[in-house]
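Step one of this worksheet: look at the structure below.
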């Protein structure tokens, strides 16, 4: 595909060539940012990460992101090595080193640290965790709002919680990468993944919603990432009087939806143009537009309250 796009497409910003990156308490130029080949994140995908956005000096929904981050670390017995205030201070220092205030995306990554030997057991990580913070100037490209994302349903599914719980925002993303490759082979931009029972679940990168006769539907949430933006959209819809259902639904119902959109920290709400080559709706997308407006107002209120 020559016109491939993703929900994380951003306008080119040359400032990102010289960003400063936080690595275990030091802030260094991106060319000097290094982790060991013995690091458990590199070697085994043993780590947890968060994505956050900076609006006018405020990290949007920082508390909710920290709830998820610390909860995930606890679930895999990964000692963060600092409290929430410590994470906030590390992020403040990184933003200040880059003179960043808005339209910034942060990738916060924590691994179990350097291993004594190149084997799996967690006890071999004896030096403490590795914390890396990457911040980039990033503004989502405008064309996604008009063109929308093309999805393809794929064989790769979101697994059962007792295999690897999809709610863990772990460094082990191979499941989603395989799904993305399958979608690309099908001529789409991203993958629409089903749950173990065959119901529509999420994409390889974002949470998924459809609109049918004025109602907004999303998955039950049993097999998808507990997205912060996902929950904000659910809450906003209900507060605005929009019928919002978290339920099982099939591809049949997704194909015939009036609208569909994705939610994520980076793109907020991104329209879906088609699923498996079938156009979704007529491109007017009134409910999606309403939710986008409500979300922008929420961000504005949130930032003003914390500025």
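Since every read-out is calculated from the coordinates, none of them should be taken as a lab result. Note that the structure is predicted; figures quoted are calculated from it, not measured. Positions of Cβ are backbone-derived with ideal geometry, glycine not excepted, and every protein chain shown enters the neighbour counts.
Please go through segment 63-81 and give me each residue that is touching a helix residue (DSSP H, G or I) at 6+ places or on another chain (Cβ under 9 Å) and more than 26 Å from residue 305 (Cα to Cα), ordered by number.
If the condition is that a residue be touching a helix residue (DSSP H, G or I) at 6+ places or on another chain (Cβ under 9 Å) and more than 26 Å from residue 305 (Cα to Cα), then 76, 77, 78, 79, 80 are the ones that fit.
Among the numbered conditions (1) under 19 Å from residue 30 (Cα atoms); (2) in contact (Cβ under 8 Å) with a residue 12 or more places away in the chain; (3) surrounded by fewer than 16 Cβ atoms within 10 Å (Cβ to Cβ), tell me where residue 75 comes up short.
Result: residue 75 passes all but (1).
How many of the residues making up segment 240-276 are more than 25 Å from residue 51 (Cα to Cα) and without any contact (Cβ under 8 Å) to a residue 40 or more places away in the chain?
7
Within segment 141-176, work out how many residues are outside any loop (DSSP other than H, G, I, E, B), surrounded by 19 or more Cβ atoms within 10 Å (Cβ to Cβ) and touching a strand residue (DSSP E or B) at 6+ places or on another chain (Cβ under 7 Å). It would help to see each step written out before you state the result.
Taking segment 141-176 and keeping what is outside any loop (DSSP other than H, G, I, E, B), we get 143-147, 149-153, 161-164, 170, 174-176.
When the remaining residues are screened for being surrounded by 19 or more Cβ atoms within 10 Å (Cβ to Cβ), the result is 144, 149-153, 170, 176.
Keeping just the survivors that are touching a strand residue (DSSP E or B) at 6+ places or on another chain (Cβ under 7 Å) gives 144, 149-153, 170.
Qualifying residue count for the region: 7.
Counting only residues that are out of contact with any strand residue (DSSP E or B) (no Cβ under 7 Å at 6 or more places or on another chain) and over 22 Å from residue 21 (Cβ atoms), how many does segment 111-140 have?
Looking only at that region, the number is 9.
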